[in-house]
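Colleague: If you scroll down you'll find the structure; I have some questions about it.
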Amino acid sequence: MRVPSLCLQWSPPTCCVKTLSILTIIMQVDQIDFHGLLHSANLVETELRKKLAPLGVQPRQALVLEAMSRMGPVSQVELAATFGVTAASMSTMTERLLAAGYLTRSVDPASRRSNILELTDSGRALLEGIIIAWSEVDAVIKAVLGDDAPAFFTFARQLRNGLGGKIPGTDRADSGKEI
């Protein structure tokens, strides 16, 4: 019996090929160690957002406020450089902090073309709540990791330092506890 040539040319429908392709990618991603770190970082940031929500600030805003407490009066350009973002991105963030009353802006006496940002009393008062929120997230991580938590925090600092990071608002990239 002769098999029709049509049967020999059969190929799976496009939807099946796409599904198989996606499954292959998913299996590959699950084998990449970084994926676990990326997903965990996202979950930790979500937890931090919940803790900061009553304060009305986002995680990046909290970092900026805390760095400014170390730096004192600072230009927006210097602040952007500290965080490795564009001046435009930092401008968006600082505008929100200015509107909330956590920062003031004044003309830089040394260069009339630039501005100086400074924490207000409200901004400094908010830092206490930010540090409490960060401590609560530390506690969540410690509860999950148990006795491995100190090593995890040490490795996290080593990773940050090894990638060229530093404590925002300082020139330090030490491995000790920052706050």
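Colleague: Using Cβ counts within 10 Å as a stand-in for footprinting exposure, how do LYS142, LYS51 rank, fewest first?
Modeller: LYS142, LYS51
Colleague: Given 0.36 nm per residue, what is the gain on full extension from ARG105 to GLU118 after removing their alpha carbon distance, in nm?
Modeller: 4.0 nm
Colleague: Which residues' amide hydrogens lie under 5 Å from the amide hydrogen of ASN115, considering only partners 5 or more residues apart or on another chain, with H built in the peptide plane?
Modeller: Here the answer is GLN76, ASP108, since their amide H atoms fall under 5 Å of that of ASN115.
Colleague: Sticking to Cα atoms, compute the Rg of the range 37-162 to one decimal and its Dmax as the biggest Cα-Cα distance, whole number, in Å.
Modeller: 16.3, 54
Colleague: Taking 1 over the mean of 1/r across every pair of different Cα atoms in the range 134-173, what Kirkwood radius in Å do you get?
Modeller: Across the range 134-173, the inverse of the average 1/r is 11.1 Å.
Colleague: At most 15 other Cβ atoms within 10 Å and a DSSP loop assignment: could you name the chymotrypsin sites (Phe, Trp or Tyr not before Pro) in the range 86-174 that fit?
Modeller: For chymotrypsin sites (Phe, Trp or Tyr not before Pro) across the range 86-174 that sit outside H, G, I, E and B with at most 15 neighbouring Cβ atoms in 10 Å, the list is empty.
Each value in this text was obtained by applying a stated rule to the coordinates, not by laboratory testing. In this text, all values refer to a predicted model and were calculated from it rather than measured experimentally. Heads up, the Cβs are rebuilt from the backbone with ideal geometry, glycines too, and the neighbour counts pull from every protein chain shown.
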